[in-house]
Amino acid sequence: MRQLLLLRHAKSSWDDPKLPDHARPLNARGKRAASGMARAMRELGLSPDVVLVSSARRTLQTLEALAPLPDSPIIMPMDDLYLAPWTRLLELVRRVPETVRSVLLIGHNPGLHDLALALPGPGGLASAPALRLADAYPTCGLAEYSVALPWPQLETGGGRLVRFLPPADLPEMAG
């Protein structure tokens, strides 16, 4: 069984309106959420072998906040992930070698949310976590999927949602 982790970048800053979207950094709330998500991932034993990450500053800073990741995964920053539609995200996941057990994809909405909803297929969206995910995919939200097929064969309906962890559920974000 394979594992696919989808993580939306943490909350970014809009303080500098002249800054191009690709260059926007995380804000203080985003840094706090990313740090909390790093703790949660460690506690859950989530340890990716490969990390596909958008080349945008906010996604790279989200990844930095997760460090150190156990077992030193292969990190692959990709321009193609920046604001990509879900079909492109799926295409890139399908390129992962079959021998890889766990993949973490750090990207952007709406593509990430669309992929998260396509993976379980219509019949897989009835659980409480799936309904919560269907409602919204907040910044720094993490969805974990179990995938039975080899990566090149992954398609809609090919993933089972194991958990959805929005940052609002993290102790760091309480209050």
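The values are calculated or read from the model by the stated rules, or taken from the named source; none is laboratory data. Note that the coordinates shown come from a computational prediction; the quantities given were computed from them, not determined experimentally. Every residue, glycine as well, gets a Cβ built from its backbone with ideal geometry; the counts of neighbours run over all protein chains shown.
Looking only at residues in the range 151-175 that are in a helix (DSSP H, G or I) and under 17 Å from the mean Cα position of the chain (by Cα), which one is surrounded by the most Cβ atoms within 10 Å (Cβ to Cβ)?
Pro167
Considering only residues of the range 40-96 that are more than 13 Å from the chain's Cα centre (by Cα), of a type in the set (A, V, I, L, M) and assigned to a helix (DSSP H, G or I), which is nearest to Ala23 (Cα to Cα)?
Applying the filter and picking the extreme gives Ala65.
Every residue, every condition in (1) without any contact (Cβ under 8 Å) to a residue 40 or more places away in the chain; (2) under 19 Å from Tyr82 (Cα atoms); (3) acidic (Asp, Glu), yes or no:
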position	(1), (2), (3)
Gln3	no, no, no
His9	no, yes, no
Pro20	yes, yes, no
Pro25	yes, yes, no
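For every residue, the table says whether it meets (1) modelled with pLDDT of 95 or more; (2) out of contact with any Gly (no Cβ under 7 Å at 6 or more places or on another chain); (3) buried (at least 17 other Cβ atoms within 10 Å of the Cβ); (4) at negative phi.
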site: Pro48; (1), (2), (3), (4): yes, yes, yes, yes
site: Leu52; (1), (2), (3), (4): yes, yes, yes, yes
site: Thr59; (1), (2), (3), (4): yes, no, yes, yes
site: Asp71; (1), (2), (3), (4): no, yes, no, no
site: Ile75; (1), (2), (3), (4): yes, yes, no, yes
site: Ala84; (1), (2), (3), (4): yes, no, yes, yes
site: Arg94; (1), (2), (3), (4): yes, yes, no, yes
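Filter the range 124-147 down to residues that are at pLDDT 95 or above and either assigned to a loop (DSSP other than H, G, I, E, B) or closer than 30 Å to Arg24 by Cβ (or both), then give me how many there are.
The total comes to 9.
How many residues does the range 106-123 hold that are touching a strand residue (DSSP E or B) at 6+ places or on another chain (Cβ under 9 Å) and part of a loop (DSSP other than H, G, I, E, B)?
Qualifying residue count, the range 106-123: 5.
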